[in-house]
C-alpha cells in the first residue's frame, strides 16, 4: 500500500488513475477514512467486500461530487432536495429510491431498491471526485466489524493486502461515520444511523417531518452500520456510567473527560468533556488501547446524554460492546 501525500501535486492524479483502473484507494473524509472503488465497476466493488471481509448483505454508501450526479441515479424528492441544499456537502447520507436505469450495480445496495448516497465535505476527497470523474463507493477502510479508521496509519495497520494506496488527508474531523437518513415515499425522514449531524438539526429545517417509528431489521440492513455488533475492538469493551466497579489493575478505564487526579491506566477522550472532541478521539483511542499488550480489558464511560453527536457515540459504544453472534 502506497502512502500518497495529500499536498503533493501528483497525489490526486495518482489516486484517480488507480480508481479508474479498478483499484481500491483508502481516502480521507470528514467522518472516517473510506475504502473507495469505482461504484459502477462491479468487479472493483466486489473487491471491497473481499478485502474487508464484509458480508454482501451490508450495503455501501456512494459518494458524488454534485446533486446533479445523484439525481441521475436516484429519485430526488422535494424533501431530499431540501436536505441536500442545506446539509451537502457534509456528513449526511441519504437513502433514496434507485432509478429504474440506475447504472450502479445491485451489489452496492445489497439488492435493495434504494441507494445510500452522500456528497462529502472533505476538500481532498472532493478534489478526488472531480479529478476521477467517478462515483465512489466507500465504506470505512478497515476489516469488517472492527474499529473504523480516522487516520491513514489506522488503514495501514489493519488492511495489509488488496489496497493500492491510501490518500493521506491527516486525522478526520468528526471521527464517527455520517448520519444516515432514509427519506420515505411520503417525504418524511427516518434516522437509520446517528452521526455528527443531529436529528434535531435536520428536523429544524422547515418542511422536514419525522416518519413514524418503525422497527429496524439489523439482519438485513438498508444502510451501513446497522448490525448489532460493529466497531468492535479485538479485546471488546465494557461500558460503565459513573465509575467502573469491577476494573482490575491491568484494565484500562476510559473517561469522557479528564479525571481530576488520573491514575495509571486511566485515559480520557476530552480534557473538559467537549462532545465534538469525545467523538473525534473515540476510535483513535480505542485502537491505541487495543494494541497495548499490557492492557487486559477496556472499560469505557457511556455518555448519559443522548443529544447531538453523543447519540452517535452511544450508538458506536453499544455496538462495540456487543459480542458477535
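Using r as the Cβ-Cβ distance of residue 248 and residue 186, and R0 as 45 Å, what FRET efficiency do you calculate, to the nearest 0.05?
Working: r = 53 Å, r/R0 = 1.17.
Approximately 0.30, to the nearest 0.05.
Computed from Cα positions, the angle between helix 42-52 and the longest principal axis of the chain comes to roughly 0 degrees.
Once the chain from residue 85 to residue 101 is taken as fully extended at 0.36 nm per residue, the excess over their C-alpha distance is 3.3 nm. Paramagnetic label reach from residue 20 (point 7 Å along Cα→Cβ; backbone nitrogen cut-off under 20 Å): within segment 115-141, residues 124-138. Out of these labelled values of volume of the Cα convex hull per residue in Å³, (i) 157; (ii) 122; (iii) 132, which was calculated from the coordinates shown here? Label of the calculated value: (iii). Built from the Cα atoms of segment 238-320, the convex hull projects on average onto 5.1 nm², one quarter of its surface area. For a paramagnetic label modelled on residue 46 (point 7 Å from Cα along Cα→Cβ), amide N atoms under 20 Å away belong, within segment 1-32, to 19-25. Antiparallel DSSP bridges in segment 2-203: what percent, to the nearest 5? Percentage antiparallel, nearest 5: 55.
Fully extending the segment from residue 241 to residue 292, taken as 0.36 nm per residue of separation minus the present Cα-Cα distance, adds 16.0 nm. Could you tell me the distance between the Cα centroids of segment 168-193 and segment 93-155, to the nearest Å? Using only Cα atoms to place each centre, the spacing works out to 12 Å. Enclosing the Cα atoms of segment 160-245 in their convex hull gives a volume equal to 230 cubic angstrom per residue. Between 0 and 90 degrees, the angle of helix 275-290 with respect to the longest Cα principal axis of the chain falls at about 70 degrees. Once the Cα atoms are used to define both axes, helix 11-20 deviates from the longest principal axis of the chain by about 60 degrees. Gain on full extension, evaluated as 0.36 nm per residue between residue 234 and residue 158 minus their Cα-Cα distance, stands at 26.2 nm.
Averaging the sequence gap over all C-alpha pairs within less than 8 Å and six or more residues apart, then dividing by the number of residues, gives segment 2-203 a relative contact order of 33 percent.
Bear in mind these aren't lab numbers, they're just calculated from the coordinates by the rules spelled out. Keep in mind that what you see is a predicted model, and the values were worked out from it rather than measured. Backbone-built Cβ (ideal geometry, glycine too); neighbour counts: all protein chains shown.
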